[in-house]
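What follows is a set of notes on a single structure, which appears directly below.
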Amino acid sequence: MQSKFLAVGCVVPWAEPFVGAIATQSYANPRYGPDGLALLREGLSAEDAVARLTAADDGRAQRQLGVVDGEGRSASYTGDECHAWAGHRTGDGYAAQGNILVSVETVDALADMFEATRGMSLAERLLDCLDAAQAAGGDSRGQQSAALLVVGPEQGYAGLSDILVDLRVDDAERPLTELRRLFGLHQELFGRTPRSHWITVDDGLRREIADRLAVLGYERLEDWAGTANLEERIDGEDEVDPVVLDALRRASD
């Protein structure tokens with residue numbers, strides 16, 4: 001998400017693996033997040049969850065809500081009193097909505113990009129969607145904050161969290177540019193290089209690694225990697241992730 005609003009990521013996005021994702025917007029009702037996930041957890045469809053949440057809310061005329069359930073069904077709601085341009089578009093696996101936008105083209109660009117990028121990682125698709133939406137006009141007030149949330153079962157840090165990506169730019173002139181930069185850092189530290197791309201540590205490379213570690217004051221690669229926040233990319237001594245090797249070479253040159 002992106003908005004001319006401080007720290008949009010602390011209000012709008014909610015998600016749980018196999019349950020669904022929710023965006024509460026406009027004069028946002030933060031209760032839509034946990035309450036909506038609870039309804040989806042009970043087995044309600046996205047459409048039924050939207051209907052239940054908005055029917056119980058006296059302020060629904062100013063609310064905006066998007067829901068995708070665990071089966072990929074989607075539904076959105078835009079209240080009659082949301083500031084123009086306000087509206088939404090839904091499709092298989094997505095709900096796109098916005099308010100105080102330049103025009104409908106912003107939401108259409110977001111949705112079109114999502115449909116056109118099947119096969120890419122979800123995080124990259126969402127970043128491309130935000131860029132497309134901004135290029136089509138975006139928030140009529142300008143830019144301020146942006147956020148990216150992706151969840152998956154045990155796909156987070158050390159396999160002990162369901163939060164795969166949770167990045168926020170709270171206040172910036174170009175929040176999408178900064179969000180891309182943060183995502184790049186996230187991928188470097190926590191991304192996954194296919195094992196087939198790892199490099200076999202032969203005698204020559206083992207000596208190089210040892211020499212470079214000595215320059216930095218370390219004996220073991222895993223110890224240095226831990227201080228460099230690259231511990232998630234270490235697995236044994238016989239092969240090395242090229243991202244780790246490149247980082248070690250940069251650090252010791």
Checklist entry - Ignoring ligands, DNA and RNA, what accessible area per residue does region 13-128 give at 1.4 Å, in Å²? => result 47
Checklist entry - Going 7 Å from the Cα of Arg207 in the Cα-to-Cβ direction, what parts of region 223-250 have a backbone nitrogen less than 14 Å from that spot? => result none
Checklist entry - According to the Cα gyration tensor, what semi-axes, each the square root of 5 times an eigenvalue, does the equivalent ellipsoid of the chain have, listed from largest to smallest in whole Å? => result 42, 19, 15
Checklist entry - Probe 1.4 Å, all protein chains in place: accessible area of Met120 in Å², nearest 10? => result 80
Checklist outcome for this item: Farthest towards the positive end of the dipole of the chain, among Tyr27, Ala251, Val12 and with Cβ unit charges of +1 on Lys and Arg and -1 on Asp and Glu, lies the Cα of Tyr27
Checklist outcome for this item: Each label sits 7 Å from Cα toward the beta-carbon; between Gln187 and Ala51 the label points are separated, in nm, by 4.1
Checklist outcome for this item: Helix 46-55: inclination vs the chain longest Cα principal axis, degrees, rounded to 10, gives 50
Checklist entry - Of the residues Glu81, Glu239, Glu188, which exhibits the maximal mean-square fluctuation in a Gaussian network model of the chain defined by a 10 Å Cα contact cut-off? => result Glu239
Next on the checklist: Going by Cα centres, region 148-179 and region 197-244 are how many Å apart?
Outcome noted: 27
Checklist outcome for this item: Note on region 108-174: contact order normalised by length, alpha-carbon pairs under 8 Å, 6 or more apart, percent, works out to 26
Checklist entry - Taking the chain as a Gaussian network, where each spring joins two C-alpha atoms under 10 Å apart, which residue of Trp14, Trp224, Trp85 fluctuates the most? => result Trp224
Checklist entry - Taking all protein chains as present, what is the carbon and sulfur share of the accessible area of the chain, in % to the nearest whole number, probe 1.4 Å? => result 49
Checklist entry - Length gain on complete extension for the stretch Arg220 to His83, per 0.36 nm per residue less the alpha carbon to alpha carbon distance? => result 43.5 nm
Checklist entry - Among Thr193, Thr106, Thr177, which one moves the most in a GNM of the chain with springs linking Cα atoms closer than 10 Å? => result Thr193
Item to check | Approximate spin-label separation Glu173-Lys4, in nm, with each point projected 7 Å along Cα-to-Cβ | outcome: 1.7
Checklist entry - Taking only C-alpha pairs under 8 Å that are 6+ residues apart, what is the relative contact order of the chain in percent? => result 15
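The values are calculated or read from the model by the stated rules, or taken from the named source; none is laboratory data. Because the structure is predicted, anything quoted here is derived from the model rather than measured. Cβ sites come from the backbone with ideal geometry, for glycine too, and all protein chains shown count toward neighbours. Accessible surface areas use protein heavy atoms only, side chains included; no ligands, DNA or RNA. Shrake-Rupley method; radii C 1.70, N 1.55, O 1.52, S 1.80 Å.
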